[in-house]
Amino acid sequence: MSNTDPNSQGNDPVNKDKNIPPWKRVRTFKSEAPGLAAVVAVLGLFIFLLADDPFGVNMLAVALLFAGLAVSWNIVGGLGGQFSMAHSVFFAVGAYTAANLFLHFQISPWIALLPAAVLSAAIACLISWPVFRLKGPFFAIATMAFTEVALALAMHFTSITGGARGLSVPFKAGLENMIFRQRWSYAVLMLGYCAFSLIVMAVITRSRLGYYLQAVRDNESAALASGISVIRTKLAGMAISAALTGMGGVIFVMYVRVVDPASLLSLFDIGVKIALIALIGGIGTIYGPLLGALLIVPLDLWLRAFIGGKLPGGNLLVLGIILILFSLFLKQGIHGAIKSTWTFLMRRKL
Amino acid sequence: MEQFSNILTLGLLLGGIYALVSVGLNLIFGVIRIINFAQGEFVMLGMYGAYACYSFLGIDPYVALFLVVPVLGLLGMAVYWFIMRPLQNESMMQVFASFGLLLVLQNAVLGITGGLTYSVNTPLSNITYGLGSIQISLSRLIVLIAAAVVALVLGVFLTRTTFGQAIRAVAQDRKGAQLMGINVERTFMWSFAIGTGLAGLAGVLLTPIFTMSPQIGGNFIMAAFAVVVLGGLGSVLGAFIGGFVVGLTEAIGGYYVDPVLKNAILFSVFIVVLLVKPSGLLGHAGAEEVGLREQH
């Protein structure tokens with residue numbers, strides 16, 4: 001990840017001292033952008049190469065969607081240290097907003113992205129504002145309880161959600177409907193979503209809000225004492241994170257075209273899964289969740305295809321073991337493991 | 001009126017189930033503050049253990065208790081030693097690790113049984129008592145009585161015995177307890193083992209009532225956390241009462257509002273209690289901070 005652009009050094013307000021070598025400078029979004037563009041270009045190349053392989057391109061599409069979701073979760077969960085398990089609620093809000101607007105008002109999902117994001121962010125602020133005073137595991141448990149409440153409500157309000165039978169979106173292919181005949185178009189769509197999430201994450205990480213979030217995560221009292229409004233910081237992080245997750249829900253519903261409350265809101269399927277992808281990739285890092293999704297989603301699909309038939313639940317069994325091993329031995333995730341191997345190798349060279 | 005007393009009885013019996021299922025979690029999460037989302041899976045293992053004893057050894061589930069509870073205690077010891085002990089100060093990693101354990105246990109059982117559901121009949125499971133117009137099955141009554149007995153014994157154990165006091169001491173201040181000559185890790189391990197053993201006890205006693213499936217633990221886990229937090233972290237009496245609060249809320253909400261919405265009502269009550277009094281109904285003020293403070 002080289003992230004220095006020699007032309008941008010002159011007018012960089014953060015790094016005024018030109019004697020500091022480029023890799024030791026404080027990173028800004030400007031210095032992050034070329035690396036980000038390169039990552040997106042490589043992923044685009046992968047889609048191009050896999051375009052004729054339906055299994056491969058589907059796998060990549062789902063992996064990129066979950067990468068985008070995990071990146072969004074990482075804004076409040078990783079940077080802010082608020083381990084929300086309620087992100088499936090925002091995801092479901094996005095999905096149901098788009099499905100209802102499309103089914104009843106023939107509104108294009110592209111337009112629905114905006115109300116979905118706004119509604120998800122509003123609901124996120126509303127439900128997380130009171131629970132933000134809970135700390136650590138109590139926050140996680142309370143947000144899980146929200147998922148249970150949302151599941152029950154989704155089953156009850158059948159006019160919006162279709163109840164247990166779910167909603168299905170008719171197949172009307174067309175760019176304006178976000179429904180495509182070729183699977184690679186979905187992969188491109190999800191790459192776009194993932195890239196957007198990465199850009200938002202990169203901007204936030206290198207901005208005032210990002211540093212505020214990290215300060216709140218590392219020591220809430222110290223952050224408060226330095227004049228940071230803790231609750232406002234947490235709410236801002238949560239709102240942005242939820243808005244992105246809601247947009248992911250819109251894309252998801254147009255991709256699978258059938259959604260029911262159980263598949264959107266059961267604890268493991270979305271809410272915990274995106275958190276664990278972020279954990280496995282590297283909590284609080286920009287690219288960690290992308291790495292996590294590119295590892296976990298293909299592994300999950302591959303295991304489901306090849307051992308799921310012989311051993312029911314075999315894929316989840318393996319995922320469970322991976323999760324235990326990562327939480328015991330690789331707390332910094334894949335990103336952290338790569339980074340420490342890199343520094344180890346560099347040190348030996350010198 | 002008759003309808004109401006029917007619902008009340010139903011709620012109380014349901015409360016007995018919740019109180020029994022959460023008593024182990026109360027020790028693990030309420031007292032020693034280890035986050036264990038796999039607790040429901042230990043209940044599930046208890047149920048399958050009772051089934052295995054019944055079908056392979058021909059032992060009645062109520063007798064199988066003496067085999068299943070120690071085995072689950074040993075399993076709990078291993079889980080504590082290899083997974084929870086290294087994560088002692090990292091509550092969020094405990095969340096993830098125990099989720100991993102949940103997936104492993106659930107899907108191991110799913111793989112072994114091939115997803116078939118089982119149920120166990122004992123000679124006792126068909127006996128019912130009439131109380132006016134209400135029919136109460138003996139197996140549900142046993143659960144209710146067992147919940148009361150276990151809560152009483154656990155309460156006395158934690159407050160009146162040296163070992164019980166040691167458990168509370170290590171939860172409050174690890175270093176202080178160590179200086180008083182308590183073997184901290186062994187105390188944690190035994191507490192965790194007792195907690196999983198109690199989950200096994202609950203599982204065995206629930207076999208005559210529920211049809212078992214590998215996913216059944218999921219029905220208990222959120223409710224159990226609600227019970228423990230509602231009742232008051234670390235308070236055995238609180239968790240016992242919390243079980244009935246949850247059971248009655250579910251029965252009354254399910255009947256008078258909408259069965260689909262009972263979980264929404266239940267967890268809304270839970271969130272409100274968590275916000276208004278995070279230490280729970282009978283917990284000491286500040287109890288929610290114990291064990292989460294930095295230990296040196």
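Tabulated values for the structure
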quantity: Inter-part distance where segment A:246-289 and segment B:68-120 are each reduced to a Cα centre, Å; calculated: 24 Å
quantity: The protein assembly as shown: proportion of alpha-carbon pairs further apart than 38 angstrom, %; calculated: 36 percent
quantity: Approximate spin-label separation B:Tyr256-B:Ala148, in nm, with each point projected 7 Å along Cα-to-Cβ; calculated: 2.5 nm
quantity: Helix A:87-105 vs. chain A, principal-axis angle (Cα, 0 to 90°, nearest 10); calculated: 50 degrees
quantity: Cα shape, segment B:159-296, gyration tensor, a/c 1.5 rule; calculated: oblate
quantity: When each of A:Lys234/A:Lys273; A:Lys234/A:Lys331; A:Lys273/B:Lys175; A:Lys30/A:Lys135; A:Lys339/B:Lys175; A:Lys331/B:Lys277 is checked by Cα-Cα distance, pairs over 28 Å; calculated: A:Lys273/B:Lys175; A:Lys30/A:Lys135; A:Lys339/B:Lys175; A:Lys331/B:Lys277
quantity: Whether segment A:115-205 is rounded, prolate or oblate, judged on the alpha carbon gyration tensor where a/c under 1.5 counts as rounded; calculated: oblate
quantity: Value at 222 nm in deg cm²/dmol, rounded to 500, when DSSP H runs of n ≥ 4 in chain B each add -39,500 (n - 2.57); calculated: -22000 deg cm²/dmol
quantity: Order of B:Arg174, A:Arg257, A:Arg165 under a 10 Å beta carbon neighbour criterion, fewest first; calculated: A:Arg165, A:Arg257, B:Arg174
quantity: Unit charges on C-beta of K, R, D, E only; dipole of segment A:51-349, Debye; calculated: 700 debye
quantity: Chain B - Rg over Rh from alpha carbon coordinates, Kirkwood radius; calculated: 0.97
quantity: Quarter of Cα convex hull surface for segment A:51-349, i.e. mean projection, nm²; calculated: 17.3 nm²
quantity: Extreme residue, positive dipole direction of the protein assembly as shown, given options A:Phe326, B:Ala50, A:Cys125 (C-beta unit charges); calculated: A:Phe326
quantity: Degrees separating the helix A:109-131 axis from the principal Cα axis of chain A, which is the longest one; calculated: 70 degrees
quantity: Karplus-derived HN-Hα couplings along segment B:268-276 (A = 6.51, B = -1.76, C = 1.60, θ = phi - 60°), whole Hz, x at Gly and Pro; calculated: 5, 4, 4, 5, 4, 4, 4, 7, 6
quantity: Cβ-Cβ FRET estimate between A:Ser340 and B:Thr113, R0 fixed at 51 Å, reported to 0.05; calculated: 0.75
quantity: Positive-end extreme of charge dipole, segment A:51-349 - chosen from A:Val149, A:His87, A:Leu224 (charges on Cβ); calculated: A:Leu224
quantity: C-alpha long axis of helix A:136-156 to longest principal axis of chain A, angle in °; calculated: 20 degrees
quantity: Chain lengthening between B:Asp173 and B:Gln135 when straightened (0.36 nm per residue, less Cα-Cα); calculated: 8.8 nm
quantity: Whole-Hz couplings from phi, Karplus 6.51/-1.76/1.60, listed for segment A:184-201; x for Gly and Pro; calculated: 5, 5, 5, 4, 5, 4, 6, 5, x, 4, 4, 5, 4, 4, 4, 4, 4, 4
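Bear in mind these aren't lab numbers, they're just calculated from the coordinates by the rules spelled out. In this text, all values refer to a predicted model and were calculated from it rather than measured experimentally. Here the Cβ is made from the backbone with ideal geometry for all residues, glycine too, and neighbour counts use every protein chain on show.
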